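The values are calculated or read from the model by the stated rules, or taken from the named source; none is laboratory data. From a predicted model like this one, the values you see are computed outputs, not experimental measurements. Ideal geometry is used to build each Cβ from the backbone, glycine not excepted, and the neighbour counts take in all protein chains shown.
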C-alpha cells in the first residue's frame, strides 16, 4: 500500500528564510509524487509534481522539490519565504500500477514571521 | 472556467438525517474522487470512480455511498448522518490518460452534524 509521511505538522520561518517541508513516501511501485497548497477556506492547488522525467522538479511561486529514491523522500523547498506563502501544504502519492488512487499526507501548516 | 463544482458549500444536519453532496466537473475527466479533511488527519479518500460506471472504496468508506451518475457527475450520500461525519468534503477529478495526471479539487463542502 502507498503512503506518505509529512514530518512536522507546523513549521515557522522568518520572511526571507529558507522553507523546507519534509515528505517521505512508501510505495511498492514507482511513485508519482505531488505537492499541493491550500489557502484558508479554499480547495487544493497543485504546486508541482514528479513524473520520473527529472529528479529536481520546479513548481509555481518559486517552490521546488527533489525526488531521492534512496531516501524515499520528496522534500519541498523555497529559498526565500514570502508572507504570502503562509498556507497548508500537502504531499501526495499516486502509483503507476493503474489504481488511480491519490493518497495524501496529513499536511504541514507553514507560518511566515515578519 | 468552472473546473470542479461542489454543492452545497455549507450544510448543518441533525444526527440521523440524510443528504447528498453533489459534484460535477466540466473538464471531460475520467476519474473522480471524494475526500474528507479533518484537522491533523489530512485528506482521506472516501470513494473514487476510476471511470464512468465504476466505483471503489477508499480509506474511510463506512457511512457513505456514492453514485457516478455520468462522466461529469459523482455524488456522495450520507444515509444516516453521525457527528463523526462533521468534516470538510472535497470532490476531485483527473483525466487519467495512462501517465501521471494532476488531480483537480473543488472548493469544498463544510458539513456539520449536530
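Here are some conditions: (1) crowded, with 17+ Cβ neighbours inside 10 Å; (2) away from chain B (no Cβ under 14 Å). Residue A:50 meets all but one. Which one does it not meet? Looking at each condition in turn, residue A:50 falls short on (2).
Each row is one residue, and each column tells you yes or no for (1) in contact (Cβ under 8 Å) with a residue 40 or more places away in the chain; (2) over 27 Å from residue A:5 (Cα atoms); (3) more than 9 Å from chain A (Cβ to nearest Cβ); (4) in contact with a strand residue (DSSP E or B) (Cβ under 7 Å, 6 or more places away or on another chain).
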position	(1), (2), (3), (4)
B:2	no, yes, yes, no
B:8	yes, yes, yes, yes
B:31	yes, no, no, yes
B:40	no, no, no, no
B:59	no, no, no, yes
B:63	no, no, yes, yes
B:90	yes, no, no, yes
B:95	yes, no, yes, no
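For segment B:71-114, a tally of residues being within 23 Å of residue A:33 (Cα to Cα) and either in contact with a helix residue (DSSP H, G or I) (Cβ under 6 Å, 6 or more places away or on another chain) or in a strand (DSSP E or B) (or both) returns 8.
Can you tell me which residue within segment A:4-20, out of those that are facing another protein chain (nearest Cβ under 10 Å) and under 22 Å from residue B:58 (Cα atoms), is surrounded by the most Cβ atoms within 10 Å (Cβ to Cβ)? Only one residue tops the list, namely A:4. In a residue-by-residue description of segment A:55-78, the property of being in a strand (DSSP E or B), within 14 Å of another protein chain (Cβ to nearest Cβ) and surrounded by fewer than 17 Cβ atoms within 10 Å (Cβ to Cβ) applies to no position. Hey, can you tell me all the residues within segment B:60-70 that are assigned to a strand (DSSP E or B) and over 10 Å from residue B:32 (Cα atoms)? The answer is B:64, B:65, B:66, B:67.
The number of residues in segment A:79-109 being more than 9 Å from chain B (Cβ to nearest Cβ) and farther than 23 Å from residue B:36 by Cα comes to 8.
Is it the case that residue A:41 is surrounded by 12 or more Cβ atoms within 10 Å (Cβ to Cβ), at positive phi and touching a strand residue (DSSP E or B) at 6+ places or on another chain (Cβ under 9 Å)? Spelling it out, it is not the case that residue A:41 is surrounded by 12 or more Cβ atoms within 10 Å (Cβ to Cβ), at positive phi and touching a strand residue (DSSP E or B) at 6+ places or on another chain (Cβ under 9 Å). Only one of the numbered conditions (1) within 14 Å of chain B (Cβ to nearest Cβ); (2) at pLDDT 95 or above; (3) in contact with a helix residue (DSSP H, G or I) (Cβ under 9 Å, 6 or more places away or on another chain) is not met by residue A:112, and that is (1).
The residues of segment A:21-36 that are more than 11 Å from chain B (Cβ to nearest Cβ) and surrounded by 13 or more Cβ atoms within 10 Å (Cβ to Cβ), listed by number, are A:21, A:22, A:23, A:24, A:25, A:26, A:27, A:35.
Of all residues in segment B:1-26, those being in a loop (DSSP other than H, G, I, E, B) and surrounded by 14 or more Cβ atoms within 10 Å (Cβ to Cβ) number 2.
Here is the figure for segment B:42-58: residues that are in a loop (DSSP other than H, G, I, E, B) and either loosely packed, with under 15 Cβ neighbours inside 10 Å or touching a helix residue (DSSP H, G or I) at 6+ places or on another chain (Cβ under 9 Å) (or both) total 3.
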